[in-house]
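Okay, so here's the structure we're looking at.
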Amino acid sequence: MKKIIITLDGPAGSGKSTTAREVAKKINYTYLDTGAMYRAITLAVLERQINPGRAADVIALLHHLQLSLNYENGVQKTFLNGRDVSEDIRTMAVTQNVSVISGVREVREFLVKQQREIGKQGGFVIDGRDAGTVIFPNAELKFFLTAKVEERAKRRQKEMAAKGVHVPLDEMIADIQSRDEFDSTRAESPLIKAADAIELDNSAMTIEEQVDFIVNVFRSRFAVSA
Ligand code: DC
């Protein structure tokens, strides 16, 4: 059975990463977290004290960056110049600066090229903003996940709290709203639903329900007993 590409796009906090990871596990595919790659570049920018708003400096840095991904029990580990940055890319500082970095055309070209190379054999569940529109516009199965902003903020707040970081809900809502606005209005690969993507508002769904929904669509269309 030929392995396909499944894309999951949607705004911050729509449950893409958890869902993509679980779906991949269930159907024995690999999960590709493209946001982690934008985060790794953002981390490099911040660590070198480059102003994220100075695109020319950010672009110049790309030549010095070597990104690689490893998988341990289906969990993606992100390496930057040989260093495991999987934890460091999840800080609030990275989260607050990643939208600007991901709006730079050359950064996107640099990463999209690598993402296409990684996924070219199929067998990947890919989450991002442009997975089904730009990275793999011919992906066989596409989803666009959404949820109400308050719900997404609560989820992010819970994630941060699990790491011991307490962010007030109104601050989280404001952060998500500004990222939504930035991601969907930027000139380069804005967050939009692919015409052939299945839209799923998961405000009132559990992760399990969402995972089951996607796995069921996949099985009914592409595999008898995957
Ligand atoms: O999914 P995430 O929160 O880890 O994504 C981090 C940022 O990277 C987010 O602000 C949007 C951007 N991003 C992107 O522009 N394109 C992708 N394919 C993935 C993420």
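The values are calculated or read from the model by the stated rules, or taken from the named source; none is laboratory data. Worth saying up front: this structure is predicted, and the values here are computed from it rather than measured. Cβ atoms come from the backbone with ideal geometry, glycine included; neighbour counts cover every protein chain shown. Protein only, heavy atoms only, side chains kept; ligands, DNA and RNA dropped before computing areas. Shrake-Rupley method; radii C 1.70, N 1.55, O 1.52, S 1.80 Å.
For the stretch 1-49, give me each residue that is of a type in the set (S, T, N, Q), under 18 Å from M92 (Cα atoms) and surrounded by fewer than 23 Cβ atoms within 10 Å (Cβ to Cβ). Correct list: S17, Q49. Of the residues K154, K142, the single one that is away from the ligand (no atom under 12 Å from the Cβ) and open to solvent by 50 Å² or more (accessible area, probe 1.4 Å) is K154.
Scanning the stretch 111-131 for residues that are away from the ligand (no atom under 11 Å from the Cβ) and either under 17 Å from Q76 (Cα atoms) or part of a helix (DSSP H, G or I) (or both) gives K113, Q114, R116, E117, I118, G119, G122, G123, F124, V125. Within the stretch 93-108, the set of residues being more than 16 Å from the chain's Cα centre (by Cα) and part of a helix (DSSP H, G or I) comprises A93, R105, E106. Restricting the first member to the stretch 81-110 and to residues that are away from the ligand (no atom under 12 Å from the Cβ), and the second to residues that are open to solvent by less than 30 Å² (accessible area, probe 1.4 Å) and assigned to a loop (DSSP other than H, G, I, E, B), the beta-carbon pairs closer than 7 Å and six or more apart or on different chains are N81/L65. Looking across the stretch 179-210, just one residue is part of a helix (DSSP H, G or I), of a type in the set (S, T, N, Q) and at pLDDT below 90, and that is S184.
Filtered by the rule that a residue be in contact (Cβ under 8 Å) with a residue 12 or more places away in the chain and open to solvent by 80 Å² or more (accessible area, probe 1.4 Å), the stretch 165-188 gives Q177, F182, A187.
Somewhere in the stretch 35-48, is a residue more than 17 Å from H63 (Cα to Cα), of a type in the set (K, R) and not in a loop (DSSP other than H, G, I, E, B)? For the stretch 35-48, residues more than 17 Å from H63 (Cα to Cα), of a type in the set (K, R) and not in a loop (DSSP other than H, G, I, E, B): absent.
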